[in-house]
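Below is one structure, written out as structure tokens; the observations come after it.
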Amino acid sequence: MAENGDINIVLSNSLSPDAATRNAAEQQLTQAAENNFPLYLATLVQALADENAEGQIRVAAGLALKNAFSAREFARQHELQAKWLQGTDQETKDRVKSLALGTLSSSNAQAGQAAAQVIASIAAIELPRNQWTDLMATLVQNVSSGAPHQKQASLTCIGYICETQDAELRAALISQSNAILTAVVQGARKEETNNEIRLSAISALGDSLEFVGNNFKHEGERNYIMQVVCEATQADDSRIQQGAFGCLNRIMGLYYENMRFYMEKALFGLTILGMKNEDEDVAKLAVEFWSTVCEEEINIEEDNAQVESSDQMRPFYNFARVATNEVVPTLLMLLTKQDEDAADDEYNLSRAAYQCLQLYSQAVNANIIPPVIQFVEGNLRSEDWHFREAAVAAFGAIMEGPDEKVLEPIVKQALPVLITMMEDSSTHVKDSTAYALGRITEACSEAIDPNTHLDPLIRSLFAGVHDVKMASSCCWALMNLAERFSGDLDAASNAITPHFNASVTNLLNVTSRPEAETTVRTTAYEVLSAFVQHAATESFPSIASLSDVIIKRLEETIPLQSQVVSIEDKIALEEMKTSLNTVLQAIIQRLDKEIAPQGDRIMQVALQLLSTVSGKSAVPEAIFATISGLANAMEEDFAKYMDAFKPFLYNALGNSEEPSLCSMAIGLVSDVTRSLNERSQPYCDDFMNYLLNNLRSAALGNQFKPAILQCFGDIANAIGGHFETYLSVVAQVLQQAATVTASPDGSYEMYDYVISLREGIMDAWSGIIGAMRYSNKTQALQPYVQSVFQLLNLISQDMNRSEALMRSSMGVIGDLAEAFPGGELVDAFRQDWLTAMIKETKTNREFQSRTIETARWAREQVKRQLGGQQAVMQQT
């Protein structure tokens with residue numbers, strides 16, 4: 001590969017559209033890097049710098065070089081950095097950097113861009129280590145006195161360096177802020193006549209804004225930066241305008257507290273003008289500026305509500321509120337710029353305006369109402385569908401923000417009109433109306449009168465469910481209605497009861513249509529689940545009948561497995577099985593013990609489905625959730641299904657390749673043992689073996705361990721004294737788990753894991769202690785009591801803890817006191833830290849009542865333990 005001809009052929013092939021040719025070339029490059037990394041780099045950089053080579057060859061060389069220094073996976077990235085730092089001689093390093101910097105001045109723009117990427121990749125390794133200290137000075141010099149293409153490539157390079165997500169490089173760039181700003185501001189000035197240079201500069205400025213905080217603190221520097229950016233919003237080139245508005249968005253997000261002067265003098269007018277720009281991309285970014293303003297002000301108000309003293313409050317300037325009467329009418333007019341051919345997920349100007357209006361409503365609350373209502377009243381009956389759709393969308397957008405009591409009379413008045421608009425001639429209007437109704441049912445449901453609004457509203461929403469474009473919005477609104485009007489779950493009837501049977505019939509019709517889109521069918525099943533979950537007891541006979549239909553439909557999916565001929569068929573069938581299981585879970589949960597007559601059929605179809613499912617699939621998880629519900633409902637009667645079901649449960653417990661299924665199985669062991677109690681004992685040897693193996697498994701992550709430990713507690717609770725067989729092994733596991741701690745500079749994930757792990761340990765001990773006490777085997781606990789107190793002491797000293805952990809800790813303290821009533825542990829219970837821990841939990845006003853009650857109960861148990869020594873506890 002040392003010959004230029006050879007390397008050029010390989011590089012050319014690495015860009016080939018033919019996969020075999022491309023893969024072979026990539027393999028050759030990988031092999032060359034493995035054989036002699038310094039030579040590989042020297043060869044590639046020579047190809048990158050070769051002015052006689054084709055542009056695409058040079059780009060391929062640059063890409064291969066960049067990939068030699070950087071990778072997405074952390075371990076691979078670390079390995080590549082080591083090869084450069086320790087595995088490459090200084091001469092080669094200097095040559096690579098020198099030729100890459102030289103290529104920035106290439107007359108071939110593609111080669112210059114490729115070199116910029118290579119330099120940025122090396123900078124990510126060296127700058128955090130205080131190496132290549134003259135890089136920024138070189139790039140600044142290029143921008144100051146280089147040829148146009150060198151200026152542009154150097155600015156692009158600065159942008160690549162600044163867009164990094166690497167924490168170490170980001171920290172290093174703060175010290176380089178002066179050099180960065182000197183280069184990018186010089187290139188972004190209106191005096192720069194070359195638009196390509198100015199565009200690269202404004203783009204690099206946007207990437208660098210996070211690192212120039214110190215410069216923004218100085219008024220003179222800040223004024224100059226803002227002047228350059230504001231002038232760029234008025235450039236002749238719309239690409240520069242876009243870059244400038246993008247900069248303003250980031251500046252507002254980063255430096256809100258410094259923006260008062262600039263809002264008054266320039267930004268307000270510039271952004272209003274920008275929103276009216278003929279170039280949609282420019283207008284979108286100007287709209288997003290106000291979205292950023294609203295987000296910042298919402299966050300600041302939330303933060304200021306949490307502080308304890310006024311000197312901790314963040315500056316708050318009410319930019320959005322002051323500008324309401326100018327910005328909101330502009331946004332409302334932009335709502336009328338819909339593109340009727342736009343895809344559902346396409347982000348265009350009208351959608352940007354809608355998002356901004358939603359945020360504006362949350363930022364200014366009731367101040368949003370007058371301009372929006374004026375627009376709605378003026379356009380709701382317009383002959384142009386664009387204006388009707390904009391009016392109804394605007395009404396839905398302001399449902400979150402103003403107080404519900406303020407919105408209520410307005411919504412009451414509007415509902416009859418909105419319901420009739422569900423029959424509009426335009427699908428776009430109907431779709432937006434359905435979404436607005438969804439917003440109303442979620443945020444302002446008190447305005448819906450069950451006597452006057454509910455019947456026409458439900459009818460109109462069910463009419464829309466059949467339309468694939470409207471289905472998701474209609475279903476969302478229907479689910480909100482089911483939840484809003486559910487009332488007390490023990491009530492004989494609720495506002496939905498008169499509509500329940502017709503709604504179920506409607507949903508069964510929608511889901512049975514062969515031509516129904518998979519998404520429509522899935523969403524309709526979600527609505528059916530919601531109606532069942534929130535049904536009153538009068539509807540139980542109907543729910544029982546519904547269970548027949550759902551089980552029959554599940555049974556009918558089994559032969560369909562053999563008819564699958566495409567990926568689409570497989571996905572649709574799996575979606576249907578999952579949806580039917582979700583409905584069945586809701587039925588089981590609502591009927592509870594009354595589901596027992598259907599138990600045999602449910603288990604039969606569940607086992608058949610588990611037998612026929614192929615490869616990796618979400619269906620077994622859905623079936624496990626159904627079986628979990630059935631076990632909870634049938635309790636000990638579920639035992640008759642265990643022999644047939646256990647092979648599937650064991651298989652899932654041992655399947656570390658599908659972690660989510662394995663996790664479901666662990667939870668299901670807890671459910672089954674809690675339901676069967678001592679009747680689960682015949683299966684516990686196998687349960688314990690699988691659970692202990694999973695604890696040791698390298699394939700399963702740490703997140704499984706707390707649930708497994710908790711599962712030990714559930715098994716102990718279920719089989720009582722029989723758990724003594726496993727006690728020594730489990731105690732050793734719990735003691736080992738108790739040694740896991742998070743270092744002061746550890747990640748949030750590690751802190752959360754330690755809390756969860758300790759919750760699992762405490763739940764396990766609680767179950768074990770109870771099991772041994774009720775079976776008169778408390779002496780078996782004696783060897784492990786000290787380690788339990790050691791963990792409790794560790795928890796008492798660690799500020800990293802949750803309410804659930806404190807509640808379970810209180811439970812274990814009380815359990816131990818009950819288990820040893822003869823005063824054997826009196827010295828342990830006398831310790832000051834334990835007294836303080838109980839008192840702290842008992843008096844914490846932020847904790848739920850059940851946590852406080854558990855702490856009180858623990859205190860009483862400790863008092864009894866101490867007997868005549870109660871004076872020790874007087875402080876509590």
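The values are calculated or read from the model by the stated rules, or taken from the named source; none is laboratory data. Just so you know, these numbers come straight off a predicted model, no measurement behind them. Every residue, glycine as well, gets a Cβ built from its backbone with ideal geometry; the counts of neighbours run over all protein chains shown. Please note that ligands, DNA and RNA were not included when accessible areas were found on the heavy atoms of the full protein model with its side chains. Shrake-Rupley method; radii C 1.70, N 1.55, O 1.52, S 1.80 Å.
Once amide H atoms are built 1.01 Å from N in the peptide plane, which residues 5 or more positions from residue 536, or in another chain, come under 5 Å H to H?
The list, which skips near neighbours in sequence, is 494.
Whole number in Å², please: accessible area per residue of the range 156-299, 1.4 Å probe, ligands, DNA and RNA not counted. Intermediate values should be presented prior to the final figure.
On the way: 5860 Å² over 144 residues.
Each residue of the range 156-299 exposes 41 Å² on average to a 1.4 Å probe.
Please get the size of the charge dipole for the range 545-690, origin at its Cα centre, with Cβ charges of +1 on Lys and Arg and -1 on Asp and Glu, quoted in debye to the nearest 20.
Roughly 140 debye for the range 545-690.
Sort 375, 638 by heavy-atom solvent-accessible area, probe 1.4 angstrom, most to least. Display every interim value, and only then the final one.
On the way: 375 20, 638 0 Å².
The ordering from most to least exposed comes out as 375, 638.
Of all accessible surface on the range 442-570 at a 1.4 Å probe, what whole percent is carbon and sulfur? Numbers along the way, then the final one.
Working: 2940 of 5680 Å².
C and S atoms contribute 52 percent here.
Pull out a ≥ b ≥ c, the square roots of the eigenvalues of the alpha-carbon gyration tensor of the range 186-248, then state rounded if a/c is under 1.5, prolate if not and a/b is larger than b/c, and oblate in the remaining case. All intermediate terms of the calculation are to be shown ahead of the outcome.
Numbers: a/c = 1.96, a/b = 1.69, b/c = 1.16.
Verdict is prolate for the range 186-248.
Relative to the longest principal axis of the chain, what angle (0 to 90°, nearest 10) does the C-alpha long axis of helix 90-103 take?
In the chain, helix 90-103 runs at an angle near 60 degrees to the longest axis.
Can you list the residues of the range 184-227 with backbone N under 17 Å from a point 7 Å past the Cα of residue 273, pointing along Cα to Cβ?
Counting backbone N atoms under 17 Å from the label point, the list is 190-191, 226-227.
Against the longest principal axis of the chain, how steep is helix 177-188, in degrees 0 to 90 to the nearest 10, with axes from Cα atoms?
That works out to roughly 60 degrees.
With r as the distance between the Cβ atoms of residue 365 and residue 313 and R0 = 25 Å, compute the FRET efficiency 1/(1 + (r/R0)^6) and round to 0.05. Spell out each step's value before the answer.
Values: r = 19 Å, r/R0 = 0.76.
It comes to 0.85.
Quick one: what are the phi-derived ³J(HN,Hα) couplings along the range 429-446, Karplus 6.51/-1.76/1.60 with θ = phi - 60°, whole Hz, x for glycine and proline?
5, 4, 5, 5, 5, 4, 5, 4, 5, x, 5, 5, 5, 7, 9, 9, 5, 4
Between residue 343 and residue 15, what length in nm is gained on full extension when 0.36 nm per residue of separation is reduced by their alpha carbon distance? Mind showing how you got there, number by number?
Values: separation 328, 0.36 × 328 = 118.08 nm, distance 3.20 nm.
Computed gain between residue 343 and residue 15 is 114.9 nm.
Keeping every protein chain present and rolling a 1.4 Å probe, give me the accessible area per residue for the range 551-615 in Å². It would help to have the intermediate numbers written out before the result.
On the way: 3170 Å² over 65 residues.
Heavy-atom accessible area per residue stands at 49 Å².
Considering only protein heavy atoms and a probe of 1.4 Å, how much of the accessible area of the range 730-807 is carbon and sulfur, as a whole percent? Don't jump to the answer; show the numbers that get you there.
Numbers: 1820 of 3710 Å².
Of the solvent-accessible surface of the range 730-807, carbon and sulfur hold 49 percent.
Can you run phi through the Karplus equation (6.51, -1.76, 1.60; θ = phi - 60°) for the range 150-162 and list ³J(HN,Hα) in whole Hz, with x for Gly and Pro?
Values, residue by residue: 6, 4, 4, 5, 5, 5, 4, 4, 4, x, 4, 5, 6 Hz.
So how do 303, 344 rank on accessible area, 1.4 Å probe, biggest first, that is with the largest at the start? Please list the in-between numbers first.
Working: 303 70, 344 115 Å².
My answer, sorted largest first, is 344, 303.
Once each part is reduced to its C-alpha centroid, what is the distance from the range 395-474 to the range 759-777 in angstrom?
53 Å
Between residue 686 and residue 423, how many nm apart are label points set 7 Å from Cα along the C-beta direction?
My value for the distance between the label points is 6.1 nm.
With all protein chains present, how much of the accessible area of the range 590-636 (probe radius 1.4 Å) comes from carbon and sulfur, to the nearest whole percent?
Details: 900 of 1860 Å².
For the range 590-636, the apolar C and S fraction of the accessible surface comes to 49 percent.
Keeping every protein chain present and rolling a 1.4 Å probe, give me the accessible area per residue for the range 89-136 in Å².
Numbers: 1880 Å² over 48 residues.
For the range 89-136, the solvent-accessible area averages 39 Å² per residue.
Which of the GluC sites (Glu not before Pro) across the range 115-192 are loop residues per DSSP, with 11 or fewer other Cβ within 10 Å?
On the way: sites: 126, 163, 168, 191, 192; in loops: 163, 191, 192.
Hits after loop and neighbour filter: 191.
Can you sort 255, 690 by solvent-accessible area, 1.4 Å probe, largest first?
On the way: 255 20, 690 75 Å².
Ranked from most to least accessible, the order is 690, 255.
So how far, in whole Å, is the C-alpha centre of the range 230-249 from the one of the range 615-648?
Cα centroid to Cα centroid, the span is 60 Å.
Output ³J(HN,Hα) for the range 684-699: one whole-Hz value per residue in order, computed from phi by the Karplus curve 6.51 cos²θ - 1.76 cosθ + 1.60 with θ = phi - 60°, and x for Gly and Pro.
6, 4, 5, 3, 5, 4, 5, 5, 5, 5, 5, 4, 8, 5, 6, 6
Once you have the Cα-Cα distance between residue 466 and residue 24, take 0.36 nm times their residue separation minus that, and quote the gain in nm to one decimal.
Contour length minus the Cα-Cα distance gives 154.0 nm.
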